[in-house]
Structures are given as C-alpha cells and as structure tokens.
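Novice: Pasting a structure here, questions to come.
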Amino acid sequence: MISVDSLRVEFGVKPLFAEASFVVNDRDRIALVGKNGAGKSTLLKILCGLQKPTSGTVSMPGDTTVGYLPQVMILQDNTTVRQEALKAFANVTRMKERVDELNRQMMERTDYESDEYMALVERYTAAHDRYLMMGADNCEAELERTLVGLGFNRSDFERPTSEFSGGWRMRIELAKILLQRPDVLLLDEPTNHLDIESIQWLEQFLAQSSSAVVLVSHDRAFINNVSNRTLEISCGRIIDYRVKYDQYVVLRQERREQQLRAYENQRKEIADMKAFIERFRYQATKAVQVQQKIKQLEKIVPIEVDEVDNSAMHLKFPPCLRSGDYPIICEDVRKEYAHVVFDHVNLTIKRGEKVAFVGKNGEGKSTLVKCIMGEIPFDGNLKVGHNVQIGYFAQNQAQLLDESLTVFQTIDRVARGEVRLRINDILGAFMFGGEESEKKVKVLSGGERSRLAMIRLLLEPVNLLILDEPTNHLDMASKDVLKEAIRAFDGTAIIVSHDREFLDGLVTKVFEFGGGKVREHLGGIYDFLRTKNISELSQLQTAVKAESPTSNVRPDTTADSTAPKNKPKGQSYAEHKEQQKLLRKAEKAVEQSEKKISDMERRLKELDQLLMNPEHASNMELVTEYTTTKRALDEEVERWEQLSEELETLSNK
C-alpha cells in the first residue's frame, strides 16, 4: 500500500534517520516507537506528503487515500459539531447532488426511446449504484456512532464548535478522519485528548477497521492492544519488528544484549590491533603485518548499540511528615457553574492510599481537585486532614515557573541532600539531558514546562500528591520513572488520568465521575473496567442514572425539581398565561446568562493556552484580559444564581 525506499532525513550534521526501507501493507497495525526527537512525527508527515525527505522515495497507488491526525492542527470555529463532522462525507454529498441532477434531467425529458435518454439512464444507474456502494444510507448513523464513541453527547451535535476546548475539537477532527475511512490512517498521539471510555472505543474501531494504521502513542496499553507490528527509530535507523508492542519490548532487549556482546568483542579486537601496531610499529620484520593491521582497523565499522532510556533509574520522594489518618474527607460537597457539576459527594481517602479520579472529560474531576486545593468555592463540608502537606500538579502548573532560570537551576533550587548529585540523571530521565538542561525556562514549550514542573514536584517534601493528567507530556521512559516514584511514595496520592497502563498496579481505589455523581470502586483500574463491562456501563451518563451498590453517594433528591407542573386549581386562564410568559422570559434570561458564562470560560481556556506558550507568557495585554475576563465571569455567575432563583420561584407558583 505504501512503499518506503532508502529514506533519509537530515536537519543538522547528523541525519535523523537514513537508509530506511519498509512497506505498509493492508490491515497492518503499526506502532511507531522511539525516544522523543527520534523522528516519529517527521516520518508520519513524510508518509502523508506534508514533508519531503532529504533523499529516498515514498510511493503508493494513485487511488490510495490517507487520513492524517497531527498532534496540533488549525481548527474551524464557524460550524456546529454535526456540520463539521459531515464534512467527512463531502464525496458522498457531491455524489448525491450528481444523482439528484441526473434524476431531474430524466424527469424533464419525454424522449424515452432515444439513444440520448438511454445513455442518461445508464449514467444515472451507474451514479446511483456508486452512491449506494459508498454507504450513503448509513452516513448519519455512522456519524452519530463515531461522535458518541469519542465522548460527545447527542445534545452536543448542534452546538457550535467554538464552545468546545481544543481537546474536544481535536476529537471532532479525529471523528472526521475516521468517518472518511481512508486506506491508511496516520495517527500522531490520538489518545492525548481522550478519556478511558473513548480510548477503548477507538481501540475497537481500529481493530474492526479495514484501513492500515500507523500510530505514535505514549499510551502503552493502547498501542499494545491495537498493534500487530512495531517500527522502531533508533540510532538513525528504522528497525522492523513484526510483532505487537509487548513482544517487541522482549525482542528489543534480546537484540540489545546481542549488540552489547558484539560491541564488547569489537572493542577487544580493536584494542588488540592497536596494541600490536604500537608494539611492532618500528620493527622492520613486522612492517607488513603492522600495515595489514592498520588497514583492517580503518575498515572496521563501529557497532552501535540501540539507544536506551533511563527508566531503570530509581527516583524517590524525599522524607515527609506523617499526616493524619484521613487526609481528605468530603461530606455532601456540591459544585455548580451554569449547571450542576456534582452533588452530594461523600468520600474519604485514607493515609497511604493511591486513588484514581476517572470519567469523561467535563464531569468534574479537575473541579473537585480545585475544591480540595481551596482554589474555588463550593457547598458542603470538605476537610483536609491534620498535618497534610499537598503537592499539586495542575495542567497549568507550568505558568508558575521562573522564566529567568535555566532548566538545571530550576531543579537545583529545590533539590536537597544526595539528590543534588543526581540532577543530570533526573533531567535525562525526563528528556532534559545534555545541552537541554542549559535552556532558559522562557524558551521552553508548554509541554517542556509541564515536564519540568513535574520534576520539581518529585523533589518537594509533601505527604499528599494531587496529580491532574500528569502523563500528558511524558514519554514511556519518563512515565515509568514517575510511576515507580509514586508507588514507593509513603504518603497519599490522588491521580486524575486516562492512562490505564500508568494507573495499573498503582491505584487501589477508583472514583468514577459522571452525571453529577461520584462513585467509589474498590480495586485497581482494570478491576473497575471489568466491573463496568459486566454492568453494561458503556457510557458514564447512562451508568449514573441508577445507584451503584458500591456507591457512597446519596441519591439526588432534586432530580424532579424542574419538572413541569399542572396549572394550579383556582388560577384563571389569563393569570396562568401571564405566569407562563414570565416563566419563558426568566428561562430566556437564564439561557443568555449561561451562554455568556460558556463564552467567558472558553476564552479563559484559550488565554490559558496562549500564556503557556513562551512567546506570550509575559504578554501584559493577555494577562490583563485574563484578569478582566475572570472578574466578569465571577460577576456573571452571581447574576446567573439570582436569575436561577427567580426562575425556580416562578416554576413553583
């Protein structure tokens, strides 16, 4: 399907990779692996034609279609979710227009016996058959199935895409690519913006798809479940392992051990030759042998050993004070903005527990974390236990770093004791090795700043860790280092993550967020997923309608508070009509207020993203706009609360 021959890519003195040759066949599920900077994303761009190699060729049949999902892309803002997703069926739409036009021409003509009319009928029949072969009748059903699988509610379909965060809009782009059903799918970190439910759905979709797949992902469970072949970029070469990822890891270790043995043998051989040359260089009787040894030495091609990550390095949190027995206790905690995020949350986290917060995006995981941190107001009782010292990694944690320092200085300032002797090793494990450690923080990307903030947190003496999506910008080696450190951590940990492999063997309790409820599940992440499959909880919104037997959350007593009421006895028709008019006016005011709140929240998210970019991090105009918008949002939320109370009063009359 795609044939790659002698591919070479150079950006500097040393080529990114050279002499790369491989073939992508039908139904291949290829995991493209290698350390950060090895050239994985570059290779995907070359395969889809967005970038040219230094030399070599990429060839494919002329009718082959390719779908490419990059890590970052420009997204449209002027359509609804449904309209944007329907763009995937542009060919079907054009074919329908052609069929309709041919049908119209047939209806307008009466020369049924003429050759021209028969030719028109043949064209219509061929076009109509092709239209049906394209699966036109199933377009709407496929669109809904794909969007719901990727986490959207049906009520989201008519919402403008501009109301969604960048992560959700990337899901729309992924849906469009999947709906086009290309011959080859090139996916660069497709799980970065997906929750566990959506990742599982994508796994099943790719398993059933007839497309060939080449994907880059740091989600080990995902690529192992999807792949049947692994391409590794290492030492400037591409090595083809025709096995899934887990088997590749074993074969790679065996390969490296063989390389090490060959490398040591070669070093010994070279040392022996050099010793012979030095010993007999000036003896005339050995001149011929010395020259032979020199020529042999010149012809030796050095054996390279595959690059190795630093995941074998062990990193421990520094000693910390002992906290109380119950670091976190929530009693009837409730939070709402324009809608109820969660209600009647009752949970207790014991000292030493490692727990996971999981659920679809937007269900309140990060919101509850902010309540625990005291960053936002809430209703109910939330107790932080005695002597609790919190280490918090938020998704915007990178903004708090000192931009005037280098990477090394940032870590050197928080490192204590013997850890100071291993700063370079620690930085290397998190992809800041060599010259990278001398970079100023102000020139780092958002992802690099997030990794640096994570290292800082690992070195601070805390007894309660709260990590909000800690693995988003880490490769597999760095995730292993972090996971091992948390597992050995003496304190308590709350981890908000969709990375099953990272959570597996790390957490002993799962709190599921969905539908305004928080449910407790004992056991690890895969125990939770198995229970969910048995209970047919394929979608969290459906699951929360019935109370789980393991739930410690009280039933929602306000579910019917907005139900329509009959006209009270004794009320005249005119009075009833006037009340309905006031009710509609109040409902409209609440809707308009909710729209303003949604717009301001969306703008705050955009400003967050801009301020994480080194180019804008010190832009005072953006900082001022952020402050002004935040203040306006707080005022509008208060206004919305008043309007909601007025609406509730009118509804109860």
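Novice: Among the listed residues ASP246, ASP240, which satisfies the condition of being in contact with a Phe, Trp or Tyr (Cβ under 7 Å, 6 or more places away or on another chain), acidic (Asp, Glu), closer than 30 Å to VAL23 by Cβ and modelled with pLDDT of 80 or more?
Specialist: After applying the criteria, what remains is ASP240.
Novice: Next question, about the same structure. Kindly indicate whether any position in the range 313-325 is at pLDDT 85 or above, touching a strand residue (DSSP E or B) at 6+ places or on another chain (Cβ under 7 Å), surrounded by 17 or more Cβ atoms within 10 Å (Cβ to Cβ) and not in a helix (DSSP H, G or I).
Specialist: Yes, the conditions are met somewhere in the range 313-325.
Novice: Modelled with pLDDT of 85 or more, farther than 21 Å from ARG229 by Cα and not small (Gly, Ala, Ser), is that true of THR42?
Specialist: Taking the combined requirement at face value, the residue does not satisfy it.
Novice: Would a scan of the range 226-238 turn up a residue that is open to solvent by 20 Å² or more (accessible area, probe 1.4 Å) and without any contact (Cβ under 8 Å) to a residue 40 or more places away in the chain?
Specialist: no
Novice: If you check ASN138 against the conditions, is it of a type in the set (S, T, N, Q) and modelled with pLDDT under 85?
Specialist: yes
Novice: I'd like to verify a number: residues in the range 359-370 that are in contact with a Gly (Cβ under 9 Å, 6 or more places away or on another chain) and outside any loop (DSSP other than H, G, I, E, B), how many?
Specialist: Looking only at that region, the number is 2.
Novice: Of these, THR110, THR161, which one is touching a residue at least 60 places away in the same chain (Cβ under 8 Å) and of a type in the set (Ser, Thr, Tyr)?
Specialist: THR161
Novice: Which one of these does GLU606 not meet: (1) open to solvent by 60 Å² or more (accessible area, probe 1.4 Å); (2) touching a Gly at 6+ places or on another chain (Cβ under 9 Å); (3) among the acidic types (Asp, Glu); (4) at pLDDT 75 or above?
Specialist: So the condition that GLU606 fails would be (1).
Novice: Right, here's the next one. Please indicate, with yes or no, whether at least one residue in the range 260-274 is farther than 22 Å from LEU47 by Cα and buried (at least 16 other Cβ atoms within 10 Å of the Cβ).
Specialist: Yes; the residues of the range 260-274 include at least one that is farther than 22 Å from LEU47 by Cα and buried (at least 16 other Cβ atoms within 10 Å of the Cβ).
Novice: Something else about it: Which ones in the range 136-188 are of a type in the set (Lys, Arg) and out of contact with any Leu (no Cβ under 6 Å at 6 or more places or on another chain)?
Specialist: Result: ARG145, ARG154, ARG159, LYS176, ARG181.
Novice: So LEU206 ticks every box in (1) open to solvent by 10 Å² or more (accessible area, probe 1.4 Å); (2) in contact with a strand residue (DSSP E or B) (Cβ under 9 Å, 6 or more places away or on another chain) but one. Which box is left unticked?
Specialist: (1)
The values are calculated or read from the model by the stated rules, or taken from the named source; none is laboratory data. Note that the structure is predicted; figures quoted are calculated from it, not measured. Methodologically, a virtual Cβ is constructed for each residue, glycine included, from the backbone with ideal geometry; neighbour enumeration extends over all protein chains shown. Surface accessibility is based on the protein's heavy atoms, side chains included, excluding ligands, DNA and RNA. Shrake-Rupley method; radii C 1.70, N 1.55, O 1.52, S 1.80 Å.
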